[in-house]
1. Of the residues Ala51, Ala112, Ala38, Ala27, only one is surrounded by 13 or more Cβ atoms within 10 Å (Cβ to Cβ), hydrophobic (A, V, I, L, M, F, W, C) and part of a helix (DSSP H, G or I); which?
2. Go through the stretch 65-84 and give me each residue that's among the basic types (Lys, Arg) and either under 21 Å from Ile113 (Cβ atoms) or exposed (fewer than 10 other Cβ atoms within 10 Å of the Cβ) (or both).
3. Would you point out which residue out of Lys60, Lys64 is farther than 19 Å from Ala122 by Cβ, basic (Lys, Arg) and at pLDDT 95 or above?
4. Among the residues of the stretch 29-46, is there at least one that is over 16 Å from Val13 (Cβ atoms) and acidic (Asp, Glu)?
5. Of the residues in the stretch 11-23, how many are free of Cβ contacts under 8 Å to residues at least 24 places away in the same chain and under 14 Å from the mean Cα position of the chain (by Cα)?
6. Quick one: would you say Glu74 is touching a residue at least 40 places away in the same chain (Cβ under 8 Å) and part of a loop (DSSP other than H, G, I, E, B)?
7. So which of Ser106, Ser45 ends up being among the polar types (S, T, N, Q), at pLDDT 95 or above and loosely packed, with under 12 Cβ neighbours inside 10 Å?
Amino acid sequence: MAYSKNSPAGKAVDGIINDLPSLVAVAVVDITSGMALASHSNSPSLNPETAAAYNTEVVKQKQKAMSALKLAGEKIEDILITLTNQFHLLKLNNAGNKFIYLVVNSRETNLAIAREVLRTHADEIN
């Protein structure tokens, strides 16, 4: 996906690419629509726009579960999905209306560093 480096989403994607150049894919996603506002992939087999739509449903279902459990005062900060060789991280912004979706190779990337990079850039997408 071509994206504007002048938009908040584009700036965040560009910053994450600079901070984690070996990432597999990244996208900034609008939770209401499930649309990627900006995205990039270093893998021809991973389409971040398609992943954005499916991961929006993951976020929405977790929000529903939290509501059913009456977890008032709590909000989702991030969601981590560990696969055999990858980490998929979803980092919500403070407003809770967008998230950054990041895929990294679990053998090449330090999880703590990846989470810190996302935390740093989540403020850019508010």
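The values are calculated or read from the model by the stated rules, or taken from the named source; none is laboratory data. Note that the structure is a prediction, hence the values are computed from the model and not measured. Glycine gets a Cβ as well: all are built from the backbone with ideal geometry, and neighbour counts include every protein chain shown.
1. Ala51
2. Lys70
3. Lys64
4. Applying the first criterion (over 16 Å from Val13 (Cβ atoms)) to the stretch 29-46 yields 31-34, 44-45.
Subset that is acidic (Asp, Glu): none.
Within the stretch 29-46, none of the residues are over 16 Å from Val13 (Cβ atoms) and acidic (Asp, Glu).
5. The initial filter retains those residues of the stretch 11-23 that are free of Cβ contacts under 8 Å to residues at least 24 places away in the same chain, namely 14, 17-18, 21.
Narrowing further to those that are under 14 Å from the mean Cα position of the chain (by Cα): 14, 17.
Of the residues in the stretch 11-23, 2 are free of Cβ contacts under 8 Å to residues at least 24 places away in the same chain and under 14 Å from the mean Cα position of the chain (by Cα).
6. Against the criterion (touching a residue at least 40 places away in the same chain (Cβ under 8 Å) and part of a loop (DSSP other than H, G, I, E, B)), Glu74 does not qualify.
7. Of Ser106, Ser45, the one residue that is among the polar types (S, T, N, Q), at pLDDT 95 or above and loosely packed, with under 12 Cβ neighbours inside 10 Å is Ser45.
So that you can scan it fast, the table gives a plain yes or no per residue for (1) free of Cβ contacts under 8 Å to residues at least 60 places away in the same chain; (2) touching a Lys or Arg at 6+ places or on another chain (Cβ under 6 Å); (3) more than 18 Å from His88 (Cβ to Cβ):
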site	(1), (2), (3)
Tyr3	yes, no, yes
Ala9	no, no, yes
Ala25	no, no, no
Thr56	yes, no, no
